[in-house]
1. Tell me the angle of helix 778-792 to the major Cα principal axis of the chain, expressed in degrees between 0 and 90 and rounded to the nearest ten.
2. Within the stretch 899-924, which residues have the backbone N less than 18 Å from the label spot 7 Å out from residue 812 along Cα→beta-carbon, could you tell me?
3. Please state the shape class of the stretch 766-860: rounded when a/c is under 1.5, otherwise prolate if a/b exceeds b/c and oblate if not, all from the C-alpha gyration tensor.
4. Quote the relative contact order of the stretch 743-942 in percent (integer), defining contacts as alpha-carbon pairs under 8 Å separated by 6+ residues.
5. For the chain, just say rounded, prolate or oblate: build the C-alpha gyration tensor, square-root its eigenvalues into a ≥ b ≥ c, call rounded for a/c under 1.5, and beyond that prolate if a/b exceeds b/c, oblate if not.
6. Angle between the Cα long axis of helix 118-135 and the longest principal axis of the chain, 0 to 90 degrees, nearest 10?
7. For the chain, what does the relative contact order come out to in percent, with C-alpha contacts under 8 Å and a separation of six or more?
8. Can you give me the distance in nm between label points at residue 348 and residue 411, each placed 7 Å from the Cα along the Cα-to-Cβ direction?
């Protein structure tokens, strides 16, 4: 294939060239006169599976002939017969062993790092070990660093690096993947030196950015029939500039630096690198422009001397569109619109970006046109249905299960995914509604049985539902575990529980958890975890849950319907050696592309340089090379968002360079070319604005419905009178429309619940004191409080807080209760003190409960009402909160049978908040007879056809939320909007 040569054989392909197509064409051209089977003797080494598949597709299209032996850079075991290496230590095993070592270190010295960082530290340390092995750096090189000017951080880091040292000392017999790759590479090189292969060996598509890969590339280039084919080689950069790249610290971030480094290692001059195949890049003039814009910082003065020599900048940029979107959302929509147009045009289009949030937004936007892009990254396994399911199951071991966690699992599509799932969904709905009605914050078998029985009373044939509810109680409850268990035990318990939940009551293995690609990937991961669990030691439930989440986050799955063949989403790695008619470079902001180097908890930049490890600029240099290749495509879009969700963004440094260069060449129409690029982008953002444009609807009016008198409520409770005064619409919605707010799934310890519990405590206490005066003690009150809280308040934190509040007011309440008991005796409490008053002329019934009614020796009644917060003031009671005033009037009218007819001497709110207080109702200013008369007049007005139930008529504050505000469409109007009456029939 190649003529004999006394120097290394290296070829290149310019940016923008479709690398696999050009690679195949070059192979065929060089073997035109060779026997047909010559192609079969070519060893072609590529760096990604996607490129290998693309090459096979190209050869399959014809003409008919033999295929080269296509190998992956990471799978070289069969490259040289007889050369192999011991199997690599499984990555999961290494991770578990490192976690164990780091866990022991943190337990011995908790000051080194918080335990929450255990998995992040193990990943970071594993990455450092990979890098050390890939670059051939011995641990001693790090231990011997000059750190005389470093802080105490280095002492802490050395403690962790000692673990890496001891671990790496064991990899000689059982190397991990990076160590094995280097061992295998060195053995292959040694075998080639002893017996060089005579068949062609070509390594294509790699930049040689890693040490092990660079060694292999150097060895291949020196073989008798060996060659390298470099992607995105800049043939436009002058030789003098290549020499400037020798300044390592200044040039690592240049896109061609790795090629210069390879040329130095091979002692190969720039003129020694030749084009691999005939044919120009899509736009040679654009390649020259971009090459000049990317000159290393010390030689950007070349812009002044070489810039005027650039020809036809308008033609170079005519196929470049610059989209500067106001927000990331508009950027994603603009990209989606262009991809949709590419589908209509029959073009292949690829979105290239490292921003996974942007790719998800674009995918979502394309869904409106039923376009599913071929996303090379797939979906993270932890976000797939099986991944989420497994994480939800692991959380059952972590903490006491609440109602939300139960319903989340019950509604998961993989739960009960065998037969009769439709019945499972129906049962789940019934259970949920009953939990919302009655409340069950922390479900247990007994509580679920009680709730299920109530729901079953409304079912014609409840047997199947009750059996299902029993399965739920037995399967989902009581898994919270305290203490450490062996990882193998955790994994087995987790798998058993996951299978039990997925299979349903019949315990059938025929469920969906391990099916399809996502399920198969999850099953393989759990199988690996089972096999490697012996290396994990013991851990808590929290540690196991974190470990499972971390392991799942490392997997990915491509389990989608058939994607559109012409719309691709590529990461920068996949884009390096592939081509498309339209390339969209998304998220071109600094910090996104190029990505900011991740923080290194072990070594700073200078220490890395001394040790011979990779510098942070290497990542930027690789990103710059990706940029230089992508922008050379036939048609290019460059997109960025001017503002993120938080602040203004900074354009990518490469985009800034290109803009500065063009704007600095006004005589060559560079400024006009830049303006045209932006104008083309503005056209598309305007298209998005047109797509998103909405027609403003007229805001809803402030409702004041006037239903027929017969449909209006003819009975209300005393506490609802305040709502009738403040928000009549809520009365209409509740009693006329018969709408009820659905209670939250997870009952929280809010004010109403606290009030119910407080009333129960006080009723029990006062009854016990009435029976035995010796019980009027703080200890007895707190004892009753503990009993009630234990039975009715399942929230540990709230229980402790409420008990503390009762303890703070206990002395005050005991003293006040002693006074009350000295001149009166309790005769009625809330559960029995049910009152009723009928307005005969209106046909209206008023009902109510009094917290407590006492009678004095003189026969006068005393009414008490407990409040957990601040009681209403006297002015508020006169105008709005007339509860005690109405109850007093009902007592004097004989509305409470337990009390009879009695004059009311006083009616008092007992505030048991942070500042205990007693506030009497203004009985003197609002006599009971006048209160009843005024109430009758109010009710009469609402029983006339002309009176509307106005929404939020006299709310206490504008911020006060009502149960029916959404129904009334509050927000489209406010308190200043006049009500709009509406007659209903």
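What follows is calculated from the coordinates using simple rules that are stated; it is not laboratory data. Nothing here was measured: the structure is a model prediction, and the numbers come from that model. Heads up, the Cβs are rebuilt from the backbone with ideal geometry, glycines too, and the neighbour counts pull from every protein chain shown.
1. 60 degrees
2. Only 908-921 pass the distance filter.
3. oblate
4. Averaging sequence separation for qualifying contacts and normalising by length gives 17 percent for the stretch 743-942.
5. Prolate.
6. Result, in degrees: 0.
7. Worked out over the chain, it gives 14 percent.
8. 4.3 nm
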